[in-house]
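Here's the structure we're looking at; comments come further down.
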Amino acid sequence: MQLSLDQAKGLCRMAALGAGANEEAAQSLTASIISAEAEGLSTVGLSHFIDYLEALEAGRIDGNADPVITRPALAVYLSDARGGLAHTGFDRTIDDLAKAAKLFGVAIFSQKNAYTCGALGYFTGRLAALGLVSFAATNGPAVLAGSGSVKPVYCTNPMSFAAPAADGAPLVIDQSSSATAFVNIRKAAEDGKKIPEGWALDASGNPTTDPAAAMKGAMLAFGGQRGANIALMVEVLAAGLSGANWSLDAPWFTGGPDSPGTGLFVLAVEPKLLDPDFEQRMKDQLDRLRRRFGVHVPGRARAEAAEKAQARGITAPKAVVQRISEFAARYSS
């Protein structure tokens with residue numbers, strides 16, 4: 001189905017409200033979902049939005065949670081999401097976080113007790129739009145085998161990095177510590193397709209190309225031991241520093257009544273304090289890498305897709321729109 005961005009935003013907002021979110025949470029979640037869908041990240045867009053709606057309905061997300069934000073140091077913001085969305089506390093803090101980074105050179109946002117945050121580049125990309133270099137890390141329920149293990153001990157533990165560039169789209173890197181995202185394996189299972197070798201193990205610890213078996217086993221890190229080590233670093237930043245649930249202790253995000261209680265770590269850096277010409281130098285370097293060496297520059301395709309979506313709207317599966325509409329109807333009634 002074809003929807004304009006305004007139509008999609010209105011539908012998602014009503015659906016979130018119908019599922020039990022308050023107005024602030026509904027708008028915060030809607031903005032992140034529409035951003036992902038517009039940028040072509042459909043696996044964490046409208047189809048993933050249904051996970052949020054069902055979690056709101058079941059109580060895994062407290063749609064009325066009021067995040068508690070404290071400032072133990074001038075450049076450090078701590079958020080307790082209190083069982084709500086990961087986005088609400090960040091939305092409340094982003095302006096102050098940016099101001100602190102511009103004043104002190106660096107600033108940190110650390111959060112615990114939240115539902116999983118979806119597209120992590122949504123957080124770093126917004127800071128890049130404010131002229132800041134940023135890094136983010138988050139965790140979730142355990143699905144990824146650690147180095148030397150065949151059982152899940154980490155989440156896919158994604159990380160994101162973004163940097164502004166003059167007169168153009170920022171560099172935005174958003175990738176998991178696993179060989180692929182969990183939603184890709186779930187989609188393969190739904191579509192009845194095999195997954196590539198090296199993505200996952202079955203419940204007995206054997207390599208598998210069956211996504212259903214993979215979902216009962218463990219995902220694999222990219223690059224073997226090195227990727228697993230990165231997953232552990234992400235875990236320490238996201239869950240260790242914040243006091244959030246370790247992935248091993250996080251309830252599953254699509255079942256039961258309990259929040260995963262996961263963590264989020266965001267570091268923001270003011271590059272102009274180090275190099276006033278950073279953004280121009282960044283643009284020149286990215287252009288050189290792309291034009292002379294054929295390097296793929298993450299972020300450009302997302303920005304181009306978002307620009308097209310602004311003009312043409314988005315296309316979503318009819319079944320997805322219908323499911324979202326069921327929640328929206330509850331609000332309308």
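The values are calculated or read from the model by the stated rules, or taken from the named source; none is laboratory data. Since the model is a prediction, treat every value here as computed from it, not as a measurement. In this analysis, Cβ positions are derived from the backbone assuming ideal geometry, glycine residues included, and neighbour counts consider all displayed protein chains. For the accessible areas, the whole protein counts, side chains as well, though only heavy atoms, and no ligand, DNA or RNA atoms are used. Shrake-Rupley method; radii C 1.70, N 1.55, O 1.52, S 1.80 Å.
Would you mind telling me the share, in percent, of accessible area of the chain contributed by carbon and sulfur at probe 1.4 angstrom? Numbers along the way, then the final one.
Working: 8030 of 14900 Å².
Result for the chain: 54 percent of the exposed heavy-atom area is carbon or sulfur.
What percent antiparallel are the DSSP beta bridges of the range 18-173, to the nearest 5? Don't skip to the answer; put the middle values down first.
Values: 13 of 18 bridges.
About 70 percent, rounded to the nearest 5.
Can you give the FRET efficiency for Asp210 and Asp249, using 1/(1 + (r/R0)^6), R0 = 22 Å, r = Cβ-Cβ distance, to the nearest 0.05? After rounding to 0.05, the efficiency reads 0.20. Placing dummy labels 7 Å off each Cα toward the beta-carbon, the span from Asp258 to Arg292 is 5.5 nm. Exposure check, 1.4 Å probe, all protein chains in place: His296 carries approximately 140 Å² of accessible surface.
Centre-to-centre separation between the Cα atoms of the range 167-228 and those of the range 64-115: 30 Å. Label points 7 Å out from Cα along the Cβ direction at Ala203 and Arg226: separation in nm? Modelled inter-label distance: 3.5 nm.
Any chance you could run the full-extension gain for Ser149 through Ala303? It's 0.36 nm times the residue separation minus the Cα-Cα distance, nm to one decimal. Let's see the in-between values first.
Numbers: separation 154, 0.36 × 154 = 55.44 nm, distance 3.85 nm.
Residue separation times 0.36 nm, minus the Cα-Cα distance, leaves 51.6 nm.
Figure the gain on full extension for Asp167 and Ala329 (residue separation times 0.36 nm, minus the Cα-Cα span) and round it to one decimal in nm. Walk me through the numbers before you get to the answer.
Values: separation 162, 0.36 × 162 = 58.32 nm, distance 4.25 nm.
Additional length available on full extension: 54.1 nm.
In whole angstrom, note down how far apart the Cα centers of the range 299-332 and the range 24-49 are. Here the answer is 8 Å between Cα centres. Using a cut-off of 23 Å between Cα atoms, the listed pairs Lys112/Lys216; Lys272/Lys308; Lys9/Lys112; Lys194/Lys216; Lys9/Lys283 include Lys112/Lys216; Lys272/Lys308; Lys9/Lys112; Lys9/Lys283 as exceeding that distance. Each label point was placed 7 Å from the Cα along the Cα-to-Cβ direction; for Gln322 and Gln310 their separation is 3.4 nm.
Among the chymotrypsin sites (Phe, Trp or Tyr not before Pro) within the range 214-291, those in coil by DSSP and having at most 15 neighbouring Cβ atoms inside 10 Å are Trp252.
So what's the projected area for the range 40-145, the Cα convex hull averaged over all directions, in nm²?
Numbers: hull surface 31.1 nm².
If I average the Cα hull's projected area over directions, I get 7.8 nm².
Considering only the range 117-255, what is the antiparallel percent among its DSSP beta bridges, to the nearest 5?
On the way: 16 of 17 bridges.
Rounded to the nearest five, the antiparallel share is 95 percent.
Temperature 4 °C, viscosity 1.567 mPa s: under these conditions the Stokes-Einstein estimate for the range 26-75, based on its Kirkwood radius over C-alpha pairs, is 103 µm² per second. Mean separation of Cα pairs under 8 Å and 6 or more residues apart, divided by the residue count, gives the chain a relative contact order of 25 percent. Of Ala166, Ala136, Ala101, the residue with the greatest mean-square motion in the GNM of the chain, using alpha carbon springs below 10 Å, is Ala166.
Per-peptide packing, taken as the mean over residues of other Cβ atoms within 10 Å, places 56-62, 310-316 in the sequence 56-62, 310-316 from highest down.
Write down the percent of antiparallel bridges among all DSSP beta bridges whose residues are both part of the chain, to the nearest 5. All intermediate terms of the calculation are to be shown ahead of the outcome.
Working: 35 of 41 bridges.
Antiparallel: roughly 85 percent of the beta bridges in the chain.
Please state the relative contact order of the range 227-324 as a whole percent: Cα pairs under 8 Å, 6+ residues apart?
On the way: 48 pairs, mean separation 14.1, N = 98.
About 14 percent, as a whole number.
Other residues with beta-carbon under 12 Å from the beta-carbon of Asn22 carry, at +1 per Lys or Arg and -1 per Asp or Glu, a net charge of -3.
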